[in-house]
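The values are calculated or read from the model by the stated rules, or taken from the named source; none is laboratory data. This one's a predicted model, so the numbers in the text were calculated from it and none came from an experiment. All Cβ positions, glycine included, derive from the backbone under ideal geometry; neighbour counts span all protein chains shown. Accessible surface areas use protein heavy atoms only, side chains included; no ligands, DNA or RNA. Shrake-Rupley method; radii C 1.70, N 1.55, O 1.52, S 1.80 Å.
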Amino acid sequence: MSNQLFFLSLADIFSVYPAIFKERSKQLRKTKQIYLPSDEEWQDKMYFMLLEIQRQVNESSDVNISLKDIDKRDKPVFDPERITKIISPSLSPSGRRSRVLKYCHATTVKIRLKSSARWNLKTIANAAKLLRKPALPVAFQNEHEMRLAYSLIYDVFRYKSVLSNALSDICFFEQERYKKYIDDEQRIWLMLFELYDRHFRNRNSEYQAEQKQLYKEAEVTEIADVLWQHRIRLAASISRMRIGVGALRLSQLLPIHLQNEKVAIAAANPVVTGWINPFLLRNKTEANKILTEMGFTVHGPDDEQPLLEQHCKWDNICPLVISIIPKNRSEFTKSKLMTEHYFIMQDKNFSYGPAIMSKLMDYYELYGDILQTHVDSPRATAYLAALLYSVNRVNNFYVYGAGANLKDYRRYMETLGVNNIRLFGDAFTSFPMESNRFRNVVGIFATPPNSFSAISDPIDLICSRGGDLSMLEVLTESEVSDEGKTRVGCILEEQLLTLTMSMSRPQVQFVLYQTHSIVTTENEDMVQYVLEVINKLALEKHRQAYREMKRLEALAELEAANIPAAAMPKESPRKKEKLSAEDKRKSQPELGSKPGEPTIPAVQLPRVDSIDLIVTPDIDEFVLDTVPDICINQDNCIEQQSTGSYLSLIRRKALTQLNEKYLIRMAERRGLFGKQEKDKTRTRGVKLQEVNDPAPPDTNYDSCSAGSRSGQRQTTGFIWC
């Protein structure tokens, strides 16, 4: 038994990810399509959409209004003094300030774990109620109580391999009178872990009456009595396990990824982090007033003074985020600040991604809609909505993937006062490429499910999801079973689909991909693979268009050689514009399309002698970009912090700006300012199903050489953990 635990402690459950990823990625090629910003139909739709907006501008009584301002309205600013000046890459290639004025200072404190028992009777009883099948109702007085109960359950699940081995060692479930507890195994683990936590000693007499009452309410009195009878044998079994492998601590019997005492550290951390709700507190002055009335000393983000008890400090990286050290954490959760939802408790692991996403529209100087693909944490989604509340460039914020929790999430958003978000239960990956739901989405925050192996406080995630026990079980798996491999495969497939479908839509200009994982398969490998696949598909689509153009030229030459031009029948313009349903199907390239299948060119192709000289236009190609430094001091302080997030920024090599210049350029191409240049070799773009007002495309195919496009790519996709 000790040998089994020893090898288990050396196991790496993430080692199966590469093989599963390889298998799942092969299946992806058979189903996916790609549409490009250079497709002529998309460009035409954008032209008519902008033309309609320009008519509204012309009819407006405001002479100063522009095309991009017609749908805009002034949005409130929570902190006017805090304006992070991130230089757009269109102005500066590096996007960096010329000099650093100040340096940031951490808000962390040293944490010491207590060696004594950490769980009181009420926490044990609450955990027992939650683990019962079906669960008993639990009325938590505040979030602190909820966190304690789920922290205990997390540790129970974390040590389940040790607890199960101890029970097997004494043949507990093999005894006839105890077989009835097999279906209640999790509560057996709980009460055994609690017994170990107090070193198999009897509880003090002053707590006997309270224990009797709480255990009775939680229906664990009988379980506690049975385990107490076997306490000596159980203690001896656990001791033998430790001696067998020379484990100084019980955690050394666990797999490597479970040996970290991160939940205990988070529970002992006196610092409470979260964000101020701008939907209820309209500005920073109101927030500072409430904090001061509660007895806190408020510090600005550039204050060098260390964080002390009854002090709080605004964060230098994430807007609205504040770190607080209350005298009593339990009492703080009962305060007006939290009960009135002015302060939303949230670990900073889930704040960095939304904070960066909220800056990207300004960073790339884009206008349009923002979309989040999945809901990992409703609080993090609400935080992004709070940040976008002040961004004038964002018209709408869509969030998909709420699933069965849609009503609960909408109710939660209403409770916080969030009014700028549209939640959907549908999966983002369930919509076909022809769907018009995302026609104005220019930026996507891709947050697919992942292993969450990098987060420092899993309890924050569990509590934000309303107490998700199934997620706790996943986070504490000690080995990968067949069921676990299937689940990992589904997660990796969802990540693949999320990225590919985000990057296969022509209107999308950038994607911020986020995981909370330490597994490279979910991070760098995933991004690099999809990036290569999408760019290869874009290039192949243009090569197919080139082949089709050459085929049509050859046919034209044959016809011209045999039949006089005057005698050739003329087709009506309407007939030329109309494609049959079969032509539509054939003109849509798939990931597994054969080289011989024809595709209709979408843009005017360059005059080249060989298909090998065809290159992808910049507006169709994706590249990795550097994640901008959003710190107020821009001193790269975020790279030195343990954020528990992996972020990768992917964008079009040349961004499409839907503005007056684009409208004029399209009008020139249509010959509205003079004679339209005709090209006999040019044909219609890929014909799609009816899509109302799709999104940004750009100019014609640039005939620059392949060598001019071979600039060095910037690296990105770094993990902070």
(request) Take the residues in region 128-144 that are at pLDDT 95 or above and open to solvent by less than 20 Å² (accessible area, probe 1.4 Å), then tell me which one is farthest from E185 (Cα to Cα). (result) A128
(request) Could you list all residues from region 403-420 that are of a type in the set (V, I, T) and open to solvent by less than 30 Å² (accessible area, probe 1.4 Å)? (result) V418
(message) Between a residue in region 193-207 that is under 16 Å from L250 (Cβ atoms) and any residue that is open to solvent by 60 Å² or more (accessible area, probe 1.4 Å), which pairs come within a Cβ distance under 8 Å, given they are 6 or more apart or on different chains?
(response) L195/W228; L195/R231; D197/R118; F200/R231; F200/I232
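Matching residues to (1) at pLDDT below 95; (2) open to solvent by 70 Å² or more (accessible area, probe 1.4 Å); (3) under 27 Å from V263 (Cα atoms):
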position	(1), (2), (3)
M146	yes, no, yes
R158	yes, no, yes
Y178	yes, no, no
H199	yes, yes, yes
R203	yes, no, yes
(request) Scan region 1-46 for residues that are modelled with pLDDT of 70 or more, assigned to a helix (DSSP H, G or I) and open to solvent by less than 40 Å² (accessible area, probe 1.4 Å) and report the count. (result) 13
(request) Out of the residues in region 391-402 that are within 17 Å of the chain's Cα centre (by Cα) and surrounded by fewer than 22 Cβ atoms within 10 Å (Cβ to Cβ), state the one that is nearest to F445 (Cα to Cα). (result) Y398
(request) Just give me the residues in region 248-290 being free of Cβ contacts under 8 Å to residues at least 24 places away in the same chain and either in a loop (DSSP other than H, G, I, E, B) or over 32 Å from the mean Cα position of the chain (by Cα) (or both), in sequence order. (result) L248, R249, N260, K289
(message) Among the residues of region 66-89, are any at pLDDT 75 or above, farther than 30 Å from L163 by Cα and polar (S, T, N, Q)?
(response) no
(message) For region 473-513, which positions are open to solvent by 10 Å² or more (accessible area, probe 1.4 Å), over 27 Å from E185 (Cβ atoms) and touching a Leu at 6+ places or on another chain (Cβ under 9 Å)?
(response) E493, L497
(message) Could you check region 411-430 and list, in sequence order, the residues that are touching a residue at least 24 places away in the same chain (Cβ under 8 Å) and closer than 26 Å to I650 by Cβ?
(response) N420, I421, R422, L423, F424, D426, A427, F428, T429
(message) For a quick check of your reading of the model, give me the residue pairs whose first member lies in region 532-547 and is within 15 Å of R652 (Cβ to Cβ), whose second is assigned to a helix (DSSP H, G or I), with beta-carbon atoms closer than 8 Å and at least 6 apart or on different chains.
(response) I534/T500; I534/M503
(request) Would you point out which residue out of V226, V162 is in a helix (DSSP H, G or I) and either without any contact (Cβ under 8 Å) to a residue 60 or more places away in the chain or assigned by the TED database to the domain that holds I459 (or both)? (result) V226
